[in-house]
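Following: one structure in structure tokens, then a few remarks.
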Amino acid sequence: MYTFLRNGATYLQTLAFTRIQTSISCTSAFITYFIAGNIAWGIAIYYTIGSLIGSQLALCVAQKIFTRQLKFILHSVTIALLIQLVIRVAFP
């Protein structure tokens, strides 16, 4: 999302492009795991349902968030993920 926002795309365009990228990535991963036979169907179904509900909810909320709020949320989540990564590496 950072790349699209920095290159002048609107927030909704950024969201759409990011969803397309994620969709392509997840489809490719599914095909790879399916061919290898490494899919836990009992868990995969619930993840799929949650992903579909979450993405639709994100679209509804996205129309109500301003770009400034989005940047704050993106920075906060990125920092939180970096802190989590450092903690996991430092304290295995």
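The values are calculated or read from the model by the stated rules, or taken from the named source; none is laboratory data. Not measured: the values here are computed from a predicted model. The area values use the complete protein model at the heavy-atom level, side chains included, leaving out ligands, DNA and RNA. Shrake-Rupley method; radii C 1.70, N 1.55, O 1.52, S 1.80 Å.
Axis of helix 11-36 versus longest Cα principal axis of the chain: the two differ by about 10°, to the nearest ten degrees.
Each helix, a run of at least 4 DSSP H residues, gives -39500 (n - 2.57); summed and divided by the residues of the chain, these come to -28500 deg cm²/dmol at 222 nm. Straightening the chain between R88 and S51 buys 10.8 nm, computed as 0.36 nm per residue apart minus the Cα-Cα spacing. Helix 67-90 and the long axis of the chain differ in direction by around 50°, with both axes built from C-alpha atoms. Solvent exposure of the chain amounts to 84 Å² per residue of accessible area, where only protein heavy atoms count and the probe is 1.4 Å.
Here the 3J(HN,Hα) profile of segment 46-62, calculated from phi with Karplus coefficients 6.51, -1.76 and 1.60 at θ = phi - 60°, is 5, 5, 5, 4, x, 5, 5, 5, x, 5, 5, 5, 4, 5, 5, 6, 4 Hz, Gly and Pro shown as x. Protein heavy-atom surface of the chain, 1.4 angstrom probe: 71% of the accessible area is carbon and sulfur, with nucleic acids and ligands not counted.
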